[in-house]
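Notes follow once the structure below has been shown.
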Amino acid sequence: MKLSLTGVTLGVAIASGLVIASSQSAEAASVKATVTADNFYGLFYGNEDGSILNFVGRNETGGSGSPGRYNWSLPETWDFEVNNNDYLYLVTWDDASVAEAWIGEFEVGGEKLLSTAEDWEYIFNEDNPFTRAGNPVPEADELGTAISTGGWQDGTTVGKNGIRPWNTIAGIDSDADWLQTAERGADMYTIFRTKVSLAETAGVADVPEPASMLGLLAVGAIAAGGALKQKAAA
């Protein structure tokens, strides 16, 4: 009997340890983002339907760089943690006169993700933030409403890092593309999103939910205890 209880206790202890480890491994991924835009952007991460969005940061609000001559002259770099099942979102808009573009490089869990038409999709939304007081980044609830309606399209490539008039942006891979934003003169802005979750981007395998894992391992632990009991009786 003692061996039987020991087997169950050991099995549950092992199960608990595995649940904790699995929960931790599925919990977060590190992201380093290096981004710039002509003219403006706001960086977010969140779930697929846009009901949960987290703001990371933006570039300067004025017509010139800070530092740099133009908004796009020098990129910003952001380091943050995300959930593995999150997506990256980049909101971009122009100065209400000329259609522009953005470019970026992202390190996700040790894997590189670039701004390319193959990896990003977009939708348009009305009311260019540049025409609003203070040139603000759109709020999460506004973005979520637009995201939930769907209608995503593949990104449109303008050219590789190094193309004129932007030339080479330091700190961003030469294979990254400038992706075009909303049409010239339109009172609109563009919401870009990674086509897959960051877990898929970083090659992280799906991990069962902790509750499901606990149930499966508890059954295994009881079976292990029964095996010990039978062996001891023999």
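Of note:
- Check on K160, among the basic types (K, R) and more than 17 Å from A37 (Cβ to Cβ): no
- Residues considered: P165, P210, P138. Of these, the only one that is surrounded by 13 or more Cβ atoms within 10 Å (Cβ to Cβ) and at pLDDT 75 or above is P138.
- Residue check, A186 part of a loop (DSSP other than H, G, I, E, B), out of contact with any Cys (no Cβ under 6 Å at 6 or more places or on another chain), open to solvent by less than 10 Å² (accessible area, probe 1.4 Å) and at pLDDT below 95: no
- Condition met for G150 (open to solvent by less than 50 Å² (accessible area, probe 1.4 Å) and closer than 27 Å to G65 by Cα): no
- The set of residues from the range 77-107 being touching a helix residue (DSSP H, G or I) at 6+ places or on another chain (Cβ under 9 Å), modelled with pLDDT under 95 and of a type in the set (A, V, I, L, M) comprises just one member, A96.
- The set of residues in the range 59-83 that are buried (at least 18 other Cβ atoms within 10 Å of the Cβ) and either of a type in the set (A, V, I, L, M) or under 19 Å from T131 (Cα atoms) (or both) comprises N59, N71, V82.
- Of all residues making up the range 70-87, the number that are assigned to a loop (DSSP other than H, G, I, E, B) and among the β-branched types (V, I, T): 0
The values are calculated or read from the model by the stated rules, or taken from the named source; none is laboratory data. Because the structure is a prediction, the values reported are computed rather than measured. When we count neighbours, we look across all protein chains shown, and the Cβ atoms used for this are built from the backbone with ideal geometry, even at glycine. For the accessible areas, the whole protein counts, side chains as well, though only heavy atoms, and no ligand, DNA or RNA atoms are used. Shrake-Rupley method; radii C 1.70, N 1.55, O 1.52, S 1.80 Å.
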